[in-house]
Structures are given as structure tokens and as C-alpha cells.
Amino acid sequence: MYFYIRWYFMQAKKVIETRVVQTDQVLINDLNNYHTLFGGVLMKKMDACATLSARRHSRVKECVTASTDSVNFIEPIRVSDSVCIESFVSYTGKRSMEIFCKVVAEDLETGKRRLAATAFLTFVPLDENKRPIEVPGVIPETEEEKFLYETGKEREKIRKLKRQQNNELVSKLSVDKPWD
């Protein structure tokens, strides 16, 4: 146990080392019938950004999304906006990383910026045999990073409970064709 704790802190990286920022414009074909960005399009963009943060932290070829939780759509994103996604490792377990995504929409005509969405995604790094590997710790520095890190253990407990509930649900589901 001592060796693991020592390795964990020796390998730990600052949150800023995992930060990825991607900015894109909103295009007409990304809009829903309310003329706002499709939630699914935004989620795809967040997953892509978060993947880079996870790989940057674990320095592996492959990281898989284990879960996406707490996707909160706060403000609509319109065609006149740019969408800026910021992701970084906010908390780590032994073999998984929690990635926080913050989405800021900017009205390109007025320059007004607003928080549009937040999300937490969990990633697992894999070795060349597709097996999960241990991840280094993370060192928060800013107030925002420290808050997210300090509240990470509680989110981890909630995810574990949801996994157990989902496993129970899956065990009760059928894959039979409903029309047979």
C-alpha cells in the first residue's frame, strides 16, 4: 500500500497539465427545431474534448468513456454563438479519471459570454491488451479546481451506487425482439 501511495503522488500531475480548450462556431446543421445547438452535438464535442484531457493525464494510446453523468444544460447555444469547451481532470481514482467539462457560449456579435453547460465524464485508460491501468493523482491549484477535487469523492460514491443499480436493471432486461 505504501508503494502505491508513494507512486501515486510521485506521478501526480497538476490539473493545468490536463486542461484542453476547444472553441468552435455553431453551424446551421447543428441546430434543433428551436434554433439552438442540439444537446447530442454538444455532448459529442464534450466527449471528444474530455478524451484529450484523459489521454493527456494518463499518457496512453487509448482511454474509454466509462460514464457520462451530470450533464447540465444551463443556457441555450445559438447560431450567433461560439461554443468553448474547457475540460480537465478534476478527480482520480485508482484506475479511472473524472473529467470536468465547462461549456461557455459567446455571442460573437456582442462578446457577451455565459455558462451554457457543465458535465462530468469518467474515463478509464487501457493498456495494449485493453486492460485498465492505474492513473496518477491530480493536484488542484485554483479555487475552482480545489472545489471540484474536494467534492469528487462524493460524486465517485454516487457513480458507484448508480453502477450497482444499473447492473441490477440490466440483469432484468430482455434482448428478445418485441414483435415476436
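Nothing in this text is a laboratory measurement; each read-out follows from the coordinates by a stated rule. Note that this is a predicted model, so its numbers are computed, not measured. All Cβ positions, even for glycine, are placed from backbone atoms using ideal geometry, and neighbour counts span all protein chains on display.
Among the listed pairs Lys45/Lys157; Lys13/Lys153; Lys112/Lys153; Lys44/Lys157; Lys44/Lys153; Lys45/Lys153, which have their C-alpha atoms separated by more than 23 angstrom in this model? Intermediate values should be presented prior to the final figure.
Details: Lys45/Lys157 26 Å; Lys13/Lys153 18 Å; Lys112/Lys153 34 Å; Lys44/Lys157 25 Å; Lys44/Lys153 26 Å; Lys45/Lys153 26 Å.
Correct reply: Lys45/Lys157; Lys112/Lys153; Lys44/Lys157; Lys44/Lys153; Lys45/Lys153.
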Taking every pair of Cα atoms in the chain, average 1/r, invert it to obtain the Kirkwood radius, and report Rg/Rh to two decimals.
1.03
Positive-pole candidate from Gln22, Ile133, Ile85, dipole of the stretch 1-147, charges at beta carbon
Ile133
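Sum up the charges of everything whose Cβ sits under 11 Å from the Cβ of Thr36, counting Lys and Arg as +1 and Asp and Glu as -1, but leave Thr36 out.
Values: positive: Arg78; negative: Asp30, Glu75, Asp81.
Local net charge: -2.
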Hey, quick one: spin label on Arg114, modelled 7 Å out along Cα-Cβ, who in the stretch 38-78 has an amide N within reach, i.e. under 15 Å?
73-78
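Kindly state, as a whole number, the per residue volume in cubic angstrom of the convex hull around the alpha carbon atoms of the stretch 53-100. Let's see the in-between values first.
On the way: hull volume 5.2 nm³, N = 48.
Measuring per residue, one finds 108 Å³ for the Cα hull of the stretch 53-100.
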Is any residue of the stretch 112-147 close enough, with backbone N under 13 Å, to a label point placed 7 angstrom from the Cα of Glu154 along the Cα-Cβ axis, and if so, which?
147
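P(r) tail for the stretch 72-158, what percent of Cα pairs lie past 16 Å? List each step's numbers first, then the result.
On the way: 2282 of 3741 pairs.
Within the stretch 72-158, distances greater than 16 Å cover 61 percent of Cα pairs.
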